[in-house]
Amino acid sequence: IAKTAAAGGPTLLPEVLAFTSSLALDRALIREDLVGSLAHLTMLSRRGIVPQEQARAIRDGLVSIWDAAQSGDLQLPDEEDVHMAVESLLTAKLGPAAGALHAARSRNDQVALDLRLYVREQCAEIFSALSRLIGALVERAEVESGTILPSYTHRQRAQPISLSYLLAAYGAMFTRDVDSFGFVLSQTDASPLGVGAIAGTSLPIDRQLVRELLAFGRLTANGLDTVGDRDFALDYAYAASRLLVHTSRVATDFVDFSTSEFGFVRLDGAIACGSSMMPQKRNPDLFELVRGKAGAGIGNLVTLLVDMKGLPGGYNRDQQEDRAPILATGPLVRGVLDILQLGLSRVTFDKMRCLAAVEQDATQATDVAEALVQQGLPFRTAYQLAGTLVRACQDARVPLAHVTTEMAQAIDPRLNDEVLQAARVRGAVARKTSPGGTGPDSVREQLEALRESVTRA
Ligand code: ARG
């Protein structure tokens, strides 16, 4: 077969073929391409567009290419893309009869199909990686309810929380990723085959049959839109970017927590990286790279957006540049999710250090103020009074948790023993019974909801 030059023209210059070919990348889509061809062929044969005998020969040819691809010994000829490479292989087997397969089809709807099948598959893989990670967070949260640590706003100690609550927070973030990949799936779930190059076909095709064979929920609505549409890929790249923003934020917690300054976690020797010069180092490279790799994901999204921006309607060859970002996204996301799960399974929290960070500080100040509100004070008055108590403790270098009745009474008689109970660290966590709070019952409910989201995935 002539290298895809214009029909009837000379073969393409090798330099042009090399510059314009996407085969190096889209050979990864060979399975999708073959499955799409088999579905299209079945339809052509049922509709009498390709005679049965010819269809059988083409099917056998496609299946033998599939087998070779599966066993890893498929040599793809030097062509412009995977679609032409398959056609060329088929032609080598069957001669011109192979050409019957391309009736009512263009590479424009073919590539749209391959990409949709691929993205759909990747979403399924990402769902299972997400559900493994969320499942692991829930399991860990169940055994870490006794670990108390500070929460942070502005990276300053804020209020005491349980470690379970922190892990449930990560879980809540990742369930939104389950939702956003669900949206990606719904956007991807339309069969493009049969729109041809742009305007449909005069042949008596059956798009619904192809849709059913390929298990899509609906048909794309308009061929002109379909061949130029990569919205499903943009949604995919965005969902991936947002997920990677999430993993990067979790990673930063662990980079910070593993510093001597925080000292909250210890990295297992099997995940901590050393320094080539400083013998004492136990570096959190795994978490730093989880954070760093988010950049590539966001880059993929931006590449796709810029590639599509300003393209006129219909198919444009620029769209072939979608291949690198689309193909890179899935392995990137899955790699990050899996290593994050592994990394988290290999960190131990130093319960004493975590508790000390809460106790040595005044993170229960809000609880003292709320206890005063319970005694009838307006919140602003209570807030001022608790603030005065905190400053007195700081001046006396006494942690709020250790404040004495005498100290409190000297400030204001309303700071009675019942109010001071609120300065106890464990009580401060237990008392947060509001839905979505760090109290044990509330966290139990959050973990239950996470478990459900995992079954949804
Ligand atoms: N290699 C092309 C791509 O991946 C396939 C579609 C080519 N269509 C065309 N009219 N040249 O986007």
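The values are calculated or read from the model by the stated rules, or taken from the named source; none is laboratory data. Only a predicted model underlies this, so the values are computations on that prediction, with no experimental measurement involved. FYI the Cβ positions are ideal-geometry reconstructions off the backbone, even for glycines, and counts take in every protein chain you see.
So the values come out like this:
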read-out: T201, sole failed condition from (1) within 16 Å of the ligand (Cβ to nearest atom); (2) of a type in the set (S, T, Y); (3) under 16 Å from D114 (Cα atoms); value: (3)
read-out: R397 being under 24 Å from G171 (Cα atoms) and either basic (K, R) or in the same structural domain as A124 (by TED's automatic domain parsing) (or both); value: no
read-out: Filter pass, L286 being out of contact with any Ser or Thr (no Cβ under 6 Å at 6 or more places or on another chain), touching a residue at least 40 places away in the same chain (Cβ under 8 Å), within 30 Å of L344 (Cβ to Cβ) and within 14 Å of the ligand (Cβ to nearest atom); value: no
read-out: Some residue of region 280-303 being of a type in the set (K, R), surrounded by 14 or more Cβ atoms within 10 Å (Cβ to Cβ) and under 23 Å from V195 (Cβ atoms); value: no
read-out: Members of region 173-198 found to be within 16 Å of the ligand (Cβ to nearest atom), crowded, with 22+ Cβ neighbours inside 10 Å and more than 17 Å from L101 (Cα to Cα), listed by number; value: none
read-out: Among (1) surrounded by 21 or more Cβ atoms within 10 Å (Cβ to Cβ); (2) touching a strand residue (DSSP E or B) at 6+ places or on another chain (Cβ under 9 Å), the one test that A423 misses; value: (2)
read-out: Subset of region 60-97 [crowded, with 17+ Cβ neighbours inside 10 Å and of a type in the set (D, E, K, R)]; value: E79, E80, D81, E87
read-out: Whichever residue in region 63-91 is farther than 21 Å from D318 by Cα and within 16 Å of the ligand (Cβ to nearest atom) and, among such residues, is farthest from the chain's Cα centre (by Cα); value: S88
read-out: Residue within region 216-224 that is away from the ligand (no atom under 16 Å from the Cβ), more than 29 Å from H154 (Cβ to Cβ), surrounded by fewer than 22 Cβ atoms within 10 Å (Cβ to Cβ) and at pLDDT below 95 present; value: no
read-out: Members of region 374-400 found to be more than 21 Å from Y152 (Cα to Cα) and touching a Ser or Thr at 6+ places or on another chain (Cβ under 9 Å), listed by number; value: V398
read-out: Residue in region 306-323 that is hydrophobic (A, V, I, L, M, F, W, C), more than 16 Å from the ligand (Cβ to nearest atom) and either surrounded by fewer than 20 Cβ atoms within 10 Å (Cβ to Cβ) or closer than 27 Å to V111 by Cβ (or both) present; value: yes
read-out: Checking V347 against (1) at pLDDT 95 or above; (2) touching a helix residue (DSSP H, G or I) at 6+ places or on another chain (Cβ under 9 Å); (3) more than 25 Å from G135 (Cβ to Cβ), the condition it does not meet; value: (3)
read-out: Qualifying residue in region 225-248 (condition: part of a loop (DSSP other than H, G, I, E, B), touching a Pro at 6+ places or on another chain (Cβ under 9 Å) and modelled with pLDDT of 95 or more); value: yes
read-out: First in region 234-259 and assigned by TED's automatic domain parsing to the domain that holds L327 and within 22 Å of Y118 (Cβ to Cβ), second anywhere and crowded, with 19+ Cβ neighbours inside 10 Å and of a type in the set (F, W, Y), Cβ under 7 Å, 6 or more apart; value: A239/F181
read-out: Pair list, Cβ < 9 Å and 6+ apart or interchain, from region 291-319 residues that are closer than 20 Å to F19 by Cβ to residues that are more than 16 Å from the ligand (Cβ to nearest atom) and at pLDDT 95 or above; value: T303/A237
read-out: Members of region 384-435 that are in contact (Cβ under 8 Å) with a residue 60 or more places away in the chain and part of a helix (DSSP H, G or I); value: V425, R426, G427, A428, V429
read-out: Residue within region 109-119 that is in contact (Cβ under 8 Å) with a residue 40 or more places away in the chain, surrounded by fewer than 22 Cβ atoms within 10 Å (Cβ to Cβ) and small (G, A, S) present; value: no
